[in-house]
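K.L.:
To start, I am sharing the structure in question, which I have written as structure tokens.
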Amino acid sequence: NAGVTQTPKFQVLKTGQSMTLQCAQDMNHNSMYWYRQDPGMGLRLIYYSASEGTTDKGEVPNGYNVSRLNKREFSLRLESAAPSQTSVYFCASSLIAGKPNEQFFGPGTRLTVL
Amino acid sequence: LAKTTQPISMDSYEGQEVNITCSHNNIATNDYITWYQQFPSQGPRFIIQGYKTKVTNEVASLFIPADRKSSTLSLPRVSLSDTAVYYCLVGFMNYGGSQGNLIFGKGTKLSVKP
């Protein structure tokens, strides 16, 4: 099992460009999440999908959109990138039963917006 | 959402036991206490979770007093490879629902020296 995979690993954008970050998990998890992590900071939740077909805003949703394409895939879209969105983006998934707060994280996407 | 407070940094030496305490005065009845570990350029990794008293697994122990207003992560006999940032989280992700959230603070940066 690959766990949680993210593409791309690195990306450089110009201000105003758009892009979609892809995330997939092969653990049959119900819930998926997108976080951002800025230097020296903890992770902040952008959006999450508690189950297939639902999405909800997290702590910092402005400037982002998400799509839960199916149970495996959860994408994050930046419609018009801004320098303030320069960050490392992590996708995570979880299966609530048993350990309600155990999330499995992907390797991250390092995004720079010029 | 319960806010957590933990030390910004800690130093230790190889072979020592390390205890990181987290305070969460307004923890709710349904909240679990969860600890994650993060190495540079990687996503966080689940370490341990508990609700009350003591929980032990192959890598750590978690001590939770009766009032649950604090918790202590104990790492026995640390090695250089335990150098990482440790996050204490309090919350509850409801299965299949939209309630619940987890907040990652800035964490505790543990440095283990030879």
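K.L.:
Run residue B:81 past the list (1) within 25 Å of residue A:38 (Cα to Cα); (2) at pLDDT below 90 and report the number of the one that doesn't hold.
P.N.:
(2)
K.L.:
Okay, next question. Looking at this structure, is residue A:38 of a type in the set (Asp, Glu) and either under 10 Å from the mean Cα position of the chain (by Cα) or closer than 20 Å to residue B:102 by Cβ (or both)?
P.N.:
Yes: the conditions hold for residue A:38.
K.L.:
Follow-up. Across the stretch B:42-79, what is the number of residues that are in contact (Cβ under 8 Å) with a residue 24 or more places away in the chain and either in contact with a strand residue (DSSP E or B) (Cβ under 6 Å, 6 or more places away or on another chain) or of a type in the set (Val, Ile, Thr) (or both)?
P.N.:
Looking only at that region, the number is 13.
K.L.:
Now a separate question. Yes or no: residue A:35 aromatic (Phe, Trp, Tyr) and either closer than 16 Å to residue B:46 by Cβ or exposed (fewer than 15 other Cβ atoms within 10 Å of the Cβ) (or both)?
P.N.:
yes
K.L.:
Now for a separate question. Go through the residues of the stretch B:88-103 one by one and say whether even a single one is of a type in the set (A, V, I, L, M) and over 30 Å from residue A:50 (Cβ atoms).
P.N.:
no
K.L.:
Related question: Give the number of residues within the stretch B:6-28 that are within 14 Å of another protein chain (Cβ to nearest Cβ), under 20 Å from residue A:102 (Cα atoms) and among the β-branched types (Val, Ile, Thr).
P.N.:
Total meeting the criteria: 1.
K.L.:
In the list B:56, B:21, which residue meets the criterion of being surrounded by 13 or more Cβ atoms within 10 Å (Cβ to Cβ) and either within 25 Å of residue A:37 (Cβ to Cβ) or touching a Cys at 6+ places or on another chain (Cβ under 9 Å) (or both)?
P.N.:
Residue meeting the stated conditions: B:21.
K.L.:
Okay, next question. Return yes when residue A:1 is outside any strand (DSSP E or B), free of Cβ contacts under 8 Å to residues at least 40 places away in the same chain and out of contact with any helix residue (DSSP H, G or I) (no Cβ under 9 Å at 6 or more places or on another chain) and no when it is not.
P.N.:
Criteria met by residue A:1.
K.L.:
Please specify each residue of the stretch A:30-54 satisfying the condition of being at the interface with chain B (Cβ under 8 Å from one of its Cβ atoms), assigned to a loop (DSSP other than H, G, I, E, B) and more than 16 Å from residue B:89 (Cα to Cα).
P.N.:
A:30, A:40, A:50, A:51, A:54
K.L.:
Here is a follow-up. If you take the residues of the stretch A:99-114 that are under 13 Å from residue B:34 (Cβ atoms) and assigned to a loop (DSSP other than H, G, I, E, B), which of them is modelled with the lowest pLDDT?
P.N.:
Looking at the filtered set, the residue picked out is A:99.
K.L.:
Something else about it: Could you check the stretch A:70-94 and list, in sequence order, the residues that are surrounded by 14 or more Cβ atoms within 10 Å (Cβ to Cβ), assigned to a loop (DSSP other than H, G, I, E, B) and among the hydrophobic types (A, V, I, L, M, F, W, C)?
P.N.:
The answer is A:81, and nothing else.
K.L.:
State whether one or more residues within the stretch B:57-75 are over 19 Å from residue B:106 (Cβ atoms) and acidic (Asp, Glu).
P.N.:
Yes, the stretch B:57-75 contains a residue that is over 19 Å from residue B:106 (Cβ atoms) and acidic (Asp, Glu).
K.L.:
Moving on to the next point. State which residue is surrounded by the most Cβ atoms within 10 Å (Cβ to Cβ) when the search covers only the stretch A:10-27 and only residues that are farther than 15 Å from residue A:87 by Cβ and over 17 Å from the mean Cα position of the chain (by Cα).
P.N.:
Only one residue fits best here, namely A:17.
K.L.:
Mind telling me which of the residues A:57, A:14 ends up being within 14 Å of chain B (Cβ to nearest Cβ) and of a type in the set (Lys, Arg)?
P.N.:
After ruling out the rest, the residue left standing is A:57.
The values are calculated or read from the model by the stated rules, or taken from the named source; none is laboratory data. As the structure is a prediction and not an experimental result, all values here were calculated from the model. Quick reminder, even Gly has a Cβ in these numbers, built from the backbone with ideal geometry, and neighbours come from all protein chains shown.
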